[in-house]
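Comments concern the structure below.
Every read-out reported here was derived from the displayed coordinates using simple, explicitly stated rules and does not represent laboratory data. Note that the structure is predicted; figures quoted are calculated from it, not measured. Here Cβ is always computed from backbone atoms with ideal geometry, including for glycine, and neighbour counts include all displayed protein chains.
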Amino acid sequence: MSDLALQLSGLTLRFGRVAALDGLSLSVRQGQLYGFLGRNGAGKTTTMRILMGVLSAQEGTVEVLGERVKKVSVSLKQRIGYVSQDQYFYPWMTARQLGRFVQAFYPTWDEAEFTRLLTVLDIPPERRSVELSGGTRTKLALALALAPRPPLLLLDEPTSGLDPVARYEFNALVSSMVKERGTTAFFSSHLVDEVEGIATHVGLIDHGRLQVEADTATLLASARKVVSAPPFEPGPGFTRVRDDVWTAAPEAWAQAGWPEGVTVEPVSLHDLFLAYARTRSPA
Amino acid sequence: MREHGWVFAAVVVCCAAGLFALLQKAGDQGGRFSALVRFVGFLGSVSAMVTANRLFAREYGGKTQLFLEVLPITRARVLATKWAIGAAFLGGLVTLAWVSTLVFMRRTEVITTSDALRALLATSAFTLALWSWSAMAGMLGRYRYVAWLVLLFFTIYLEQLASVPLRDAPVLRLLSEASAMARAPVSPRALLEVAVLVAGCGFVTAVLGLRGSGSMAAALAARMTARERAFVVAAVMVSIFVSVRLKEERELPAFELEEATRSTSTRGVVGVMTTVDVGEEAARALGEAVAGDVDSLATTLQLEKVPPVFILPQHGLMPTVIQRADLADSDGIVLRGAPDVEVAVLRARVMHELLKDLTESRALKEDRHALLDGFSVWWTARQDPVLRARWWRWAAASRVPLSEASVLRWFETSEQLGECIATALAFALVDTLAQTVGEERTVAMARALFSRPRSGLAAVLFEARPVALLREAGTDWGSLTAKAEARRREVEPGQTLATAKLALRAGEGGSQVVAQVTGASRWRVLYGNLGPWARGQDNLRRLDARGEQATLPLTLSRGERLLAVVEHDDPALGCPVRLEAVRLEAR
């Protein structure tokens, strides 16, 4: 059996003339916390919605938890926990009622776990969802997603509206689920620093295409900032991403000799994100 | 269900109140399942609209649909569940209404179980069709009300432009009088129409909800842009304008009565039905007299087209009563009167109806109604001294004098005098006008007032006004009525002297109306309740009486209003005389 939790290949979806996804391919191994980075409108939410069966791709293949699917089935959905960017709960339902409602759809629902998560995440169980803050609603969505103990978590920019404390709590819980239970988390965001702190792997999407994908450490090791005046071009084996940001195999960086006046600096994921995401924009 | 529970509860409460009111009304008027049929037609439509709004439009608009769609359940199942919930809710509502109607109506009528089941089948089938339409409209999101408007316009088109009675329209036939009476089995054709509609709407609902991952329904649920709103408002206004114009310009087929004896009219068709009492000779003579009036009027007023006129003699009517048939789908003037109808009154009535139709009833406005009534008589009698003398004698019998006030408040004057004497009084006015300003000028005034072509709003805004026309002719209401009143007083009516008085008498449980008459041996009271907006004289009940006193067979409770009129047929005059007309209110 494949150890891939997710594999997308040549995924394409157009809304009229706009290509939301333009041949997206990526793969996520089981047990990874995959940071799916991209600017607003890059195609992150569309990808998530295809994975949840809300949208269907026009071209390409989707493989989820080892099953190649045209459309995500009900049984497959029962093995996925999903937290979206905005929460659209029925406003009159309390956290407890929402738990009871969602529970009916998941055979693996763990009520004790749900109660524990409500406590850990500090969610008032008897308060109506309309009375909860945005952050608490997101934490409630996470509790609902984790209670069935799914092997795959899809998190669609869940922390973009949260304050730093709530964001920390959210990320810590996701990280612990990945580490302790071996859950795979596919985490989309445009908050690069946050992803850098928790993601084991990173994929960068721009205009519906994956620009780069690697484990976080390797990705950072293969990119450097080459600063010089006048501009210096390192030569074969090095690829310019944008301006002074270059990529190469980590050993190429170690073996290369640099003339006087040229400084080579490590880059952060933030620098790399800016370099890739701005590639098609005018300099 | 919990999400929409309080709205559903509110719908149930409103429906219960509405059904109660309808049952009360049906209890008074009879009609077995008429309350249920009305309930399903009106409150059922509103309930279906509200239900579809909650289950479909609101869920997509508020994005709670997205919450459902990410759960492990297929979109088709979500859609089917909502459809089934809506159908079950409305079905339950109709069943409850049916049970209530059955229990209520069985108190006074014998209704068999099979008859009751027919009514249930018809109303349930209609509700199913209604729900399938509502669900489809709900999936149209911001355009759902446009869908309802399209349905409304289609219904109006069917009834008013295509002349298809609603009782014969597809699906709507399930709410016809036959369903209300539940005497015959439900038509299989109607059930087939329901099946086709449910299948069609269900297909569209499924396409909207499932195709493109439900993106169509989600996109349609977004709020309208300002441009869309403007477009929809403009489209609705244009539709209303076009339908009104189409209705106005619709050429109705001419009414035809092949059995009638035709008269030689150069401008239109005039026919009189022959009966046992009215032989062919008499019918032809009457027809020729009417045709002469029609032809001369058409020539003088330069009318291009005159509607066909048919006269149907009918037993049982008083000689002075003439009724006009309401023709919904054809053009024409069809009058019925007693075989011994007063010919002078009949001829005047034909002219009256002709002029009323030509002006689309604008001639009935208070400032010219007396001129219409007077001109109609004057035209038929102007060259016949005997006839003119008779109309003058009737005018002289009026207990209301001619004055500017009595002419400009013609509705009140007519109510006080009754049709015969009031029309005679109007004749006196127009005859005096013709004597004062000349016949030519009188005809010119009539042409200005009554022969204007139908040419829309501008013609209404700039139409001729009697005051201005009189001023141009060198007279005014004051001097004209004074002159006519002076002439009227010179005529000896020769009527029977009779008086009447109507009064309320407080009694047990309410007030009773007592009429006292002196000077007439046989008389009658015409009476009818007045509603908040009722003007009066239509559909009055009649009590024939002899002697000096009669009590009406009704009791008025406090605040109830009644129009009561005492009339007698004066043998000396040959015209019914209204002795008293009052509006009473019980206190």
| said: Run through the range B:213-298 and list the trypsin sites (Lys or Arg not before Pro) located in a DSSP loop whose Cβ has at most 15 other Cβ atoms within 10 Å. | reply: B:Arg223, B:Arg250
| remark: Relative to the compact-globule estimate 2.2 N^0.38 Å (N residues), the Cα gyration radius of the range B:230-302 stands at a ratio of 1.83
| In whole Hz, what ³J(HN,Hα) sequence does the range B:557-568 give by Karplus (6.51, -1.76, 1.60; θ = phi - 60°), x for Gly and Pro? | 8, 4, x, 6, 10, 9, 9, 10, 9, 10, 10, 9
| said: Between the range B:263-335 and the range A:215-281, what is the separation of their alpha carbon centroids in Å? | reply: 105 Å
| field | Residue among A:Val178, A:Val165, A:Val195 with the largest mean-square fluctuation in a Gaussian network model of chain A, springs linking Cα atoms under 10 Å | value | A:Val165
| Using DSSP loop states and a limit of at most 14 other Cβ atoms within 10 Å to flag GluC sites (Glu not before Pro), what is the longest stretch of chain B containing no flagged site? | B:110-250
| Selection from A:Thr184, A:Pro150, A:Ser75, by position along the positive dipole direction of the range A:75-190 (Cβ) | A:Ser75
| task | Quick one: net charge around A:Leu55, please, counting Lys, Arg +1 and Asp, Glu -1 for every other residue with C-beta under 12 Å from its C-beta. | result | +3
| Top positive-direction residue, dipole computed over the protein assembly as shown with Cβ charges, set A:Gln103, B:Phe203, B:Ser296 | A:Gln103
| note | the range B:252-353, Kirkwood Rh and Cα Rg, ratio Rg/Rh at 0.94
| message | Net charge within 15 Å of B:Ala486 by Cβ-Cβ distance, Lys/Arg positive one each and Asp/Glu negative one each, not counting B:Ala486 itself? | response | -1
| said: Nothing charged except the Cβ atoms of Lys and Arg (+1) and of Asp and Glu (-1): what's the magnitude of the dipole of the range B:2-249 about its Cα centre? Round to the nearest 20 debye. | reply: 480 debye
| remark: Residues meeting the amide H criterion for B:Cys575 (H placed from the backbone, H to H distance under 5 Å, 5 or more places apart or on another chain) are B:Asp570
| query | Among all stretches of chain A without exposed GluC sites (Glu not before Pro) (DSSP loop, at most 13 other Cβ atoms within 10 Å), which one is longest? | reply | A:127-259
| task | Using only the Cα atoms of the range B:484-560, each taken as one equal point scatterer with no solvent, compute I(q) by the Debye sum, divide by I(0), and report log10 of the ratio at q = 0.18, 0.27 Å⁻¹. | result | -0.87, -1.26
| note | Footprinting proxy, A:Leu6, B:Leu246: sorted fewest to most Cβ within 10 Å, the residues are B:Leu246, A:Leu6
| said: As a test, work out the antiparallel percent of DSSP beta bridges whose residues both lie in chain A, rounded to the nearest 5. | reply: 65 percent
| Measuring from label point to label point, each 7 Å out along Cα→Cβ, what is the B:Thr113 to B:Arg167 span in nm? | 3.0 nm
| Within the range A:61-132, chymotrypsin sites (Phe, Trp or Tyr not before Pro) in DSSP loop having at most 14 other beta-carbon neighbours inside 10 Å | A:Trp92
| said: Using DSSP H assignments, which helices in chain B have an axial alpha-carbon span of 24 Å or above and a mean Kyte-Doolittle hydropathy of 1.6 or higher? | reply: B:188-210
| request: Putting +1 on Lys and Arg Cβ atoms and -1 on Asp and Glu Cβ atoms, find which of B:Met351, B:Val99, B:Gly474 reaches farthest to the positive end of the dipole of chain B. | output: B:Val99
| query | Viscosity 0.890 mPa s, temperature 25 °C: Stokes-Einstein D of chain A from its Kirkwood Cα radius, in µm² per second? | reply | 122 µm²/s
| To the nearest 20 debye, what is the magnitude of the charge dipole of the protein assembly as shown about its Cα centre, counting +1 on the Cβ of each Lys and Arg and -1 on the Cβ of each Asp and Glu? | 1100 debye
| field | Cut-off under 5 Å, modelled amide H: who pairs with A:Ala20 long-range | value | A:Leu13, A:Arg14, A:Phe15
| Semi-axis lengths (Å, descending) of the ellipsoid that matches the C-alpha gyration tensor of chain B | 56, 30, 24
| Where in chain B lies the longest segment free of chymotrypsin sites (Phe, Trp or Tyr not before Pro) that are both loop residues by DSSP (not H, G, I, E, B) and have at most 13 other Cβ atoms within 10 Å? | B:1-461
| remark: Most exposed to least, judged by fewest other Cβ atoms within 10 Å, B:Lys82, B:Lys356 sort to B:Lys356, B:Lys82
| Each label point is 7 Å from the Cα along the Cα-to-Cβ direction; what then is the distance between the points at B:Asn529 and A:Glu251, in nm? | 10.4 nm
| query | Can you give the charge dipole size of the range B:499-585 about its Cα centre, rounded to the nearest 20 debye, using +1 on the beta carbon of Lys and Arg and -1 on the beta carbon of Asp and Glu? | reply | 120 debye
| query | What are the principal axis extents of the Cα atoms in the range A:222-277, in Å, biggest first? | reply | 29, 25, 17
| message | I need the per residue convex hull volume for the range B:1-134, using only the alpha carbons, in cubic angstrom as a whole number. | response | 100 Å³
| remark: The answer for B:Val269, listing residues at least 5 apart or on another chain whose modeled amide H is closer than 5 Å to its amide H, is B:Val309
| query | Under a Cβ-Cβ limit of 4.7 Å, which cysteines in the protein assembly as shown have nobody to pair with? | reply | B:Cys14, B:Cys15, B:Cys201
| remark: At 25 °C in a medium of viscosity 0.890 mPa s, the range B:428-587 has a Stokes-Einstein diffusion coefficient, with Rh taken as the Kirkwood radius over alpha carbon pairs, in µm² per second, of 127 µm²/s
| message | Viscosity 0.890 mPa s, temperature 25 °C: give me the Stokes-Einstein translational D for the range B:2-249 in µm²/s, with Rh taken as the Kirkwood radius over C-alpha pairs. | response | 127 µm²/s
| task | Determine the equivalent ellipsoid of the protein assembly as shown by diagonalising the alpha-carbon gyration tensor, then write out the semi-axes as square roots of 5 times the eigenvalues, largest first, rounded to whole Å. | result | 86, 33, 24
| query | Once the principal axes of the Cα atoms of the range B:160-245 are found, what is the range along each, listed largest first in whole angstroms? | reply | 51, 40, 18
| query | Can you give the extra length, in nm with one decimal, that the chain gains between B:Ala254 and B:Thr551 once fully stretched, where that is 0.36 nm per residue apart less the Cα-Cα distance? | reply | 102.2 nm
